[in-house]
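Only one structure is covered here, and it is reproduced in the block below.
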Amino acid sequence: MKYWLLKTEPSQFSFDDLWKSKTRTTGWSEVRNYQARNLMRDDMKIGDLGFFYHSSADPTGIAGIVEIASGPYTDPTQFDKKNEMGYDPKSKPDAPSWIQVDVRAVRPFPKLLELSEIRKLKGLSKMVLLQRGSRLSVQPVSAAEWAIICRAAGVSASAR
DNA sequence: GCCAACGTTGGC
DNA sequence: GCCAACGTTGGC
């Protein structure tokens, strides 16, 4: 089983929005970066866990834990002309460019673990999130990194 | 709002 | 296939 970090702008969609929704599950749509797509398509498996990260926010940081709840399937927003973020005129219905997976909220962190706090933790020097210029919206997280961050957040690494 | 870093596009 | 120009991301 693998671990991930998924970025979102909370002004668009926050962990709280997901947590308070009926099924606590949403399609992770509108990913428009090939590297991020390939990770979702090829490496994510149902049951993997992910950190839900708030970017472009004040403060930025990890808000909670989600579980990958489906395999990859076609992202419908790529064909939706009214979806400003998602619409991709180059993508054809018989050969879709973009996929999504479902994610389900598992638990919130007791409080947001801020990026500034994450930067202070030991053992995370290789973490993708902390690399200079890193802006991948779907990132792999190692088991060791996962454990360090869960401990700092005060939650069990098994997310229960 | 700034701007560094990165990804994408398109002319050649 | 190179690479300059452009667009986007995202922390500060």
Qualifying positions in segment A:128-152 - away from DNA strand B (no atom under 14 Å from the Cβ) and more than 18 Å from A:V103 (Cβ to Cβ): A:S142, A:A143, A:A144, A:E145, A:A147, A:I148, A:R151, A:A152
Odd one out for A:P96, checked against (1) within 15 Å of A:R37 (Cβ to Cβ); (2) crowded, with 16+ Cβ neighbours inside 10 Å: (2)
Residue check, A:G86 assigned to a loop (DSSP other than H, G, I, E, B) and surrounded by fewer than 16 Cβ atoms within 10 Å (Cβ to Cβ): no
Residue match in segment A:109-131 (condition: charged (D, E, K, R) and assigned to a helix (DSSP H, G or I)): yes
Flag if A:A152 is at pLDDT below 90, away from DNA strand C (no atom under 16 Å from the Cβ), over 25 Å from A:N38 (Cα atoms) and surrounded by 15 or more Cβ atoms within 10 Å (Cβ to Cβ): no
Some residue of segment A:73-82 being outside any strand (DSSP E or B), β-branched (V, I, T), within 16 Å of DNA strand C (Cβ to nearest atom) and over 22 Å from A:S134 (Cα atoms): yes
Considering residues of segment A:1-26 that are assigned to a strand (DSSP E or B) and within 11 Å of the chain's Cα centre (by Cα) only, the residue farthest from DNA strand C (Cβ to nearest atom): A:Y3
Scan of segment A:50-82 for residues that are in contact with a Ser or Thr (Cβ under 6 Å, 6 or more places away or on another chain) and either more than 22 Å from A:L136 (Cβ to Cβ) or acidic (D, E) (or both), ordered by number: A:D75
Members of segment A:33-58 that are more than 22 Å from A:A147 (Cα to Cα) and not charged (D, E, K, R): A:N33, A:Y34, A:Q35, A:A36, A:N38, A:S56, A:A57
Odd one out for A:V106 among (1) part of a strand (DSSP E or B); (2) modelled with pLDDT under 95: (2)
Pair list, Cβ < 6 Å and 6+ apart or interchain, from segment A:52-81 residues that are touching a residue at least 60 places away in the same chain (Cβ under 8 Å) to residues that are among the hydroxyl-bearing types (S, T, Y): A:I62/A:Y53
So A:V138, is it surrounded by 15 or more Cβ atoms within 10 Å (Cβ to Cβ) and away from DNA strand C (no atom under 16 Å from the Cβ): no
Verdict on A:Y53 being part of a strand (DSSP E or B) and hydroxyl-bearing (S, T, Y): yes
Test result for A:S11, among the hydroxyl-bearing types (S, T, Y), at pLDDT below 95 and in contact with a helix residue (DSSP H, G or I) (Cβ under 6 Å, 6 or more places away or on another chain): no
Contacts under 8 angstrom Cβ, first residue in segment A:103-129 being among the acidic types (D, E), partner in a helix (DSSP H, G or I) and at pLDDT 95 or above, 6 or more apart: A:E117/A:A152
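The values are calculated or read from the model by the stated rules, or taken from the named source; none is laboratory data. Since we're looking at a predicted model, the values are computed, not measured. Methodologically, a virtual Cβ is constructed for each residue, glycine included, from the backbone with ideal geometry; neighbour enumeration extends over all protein chains shown.
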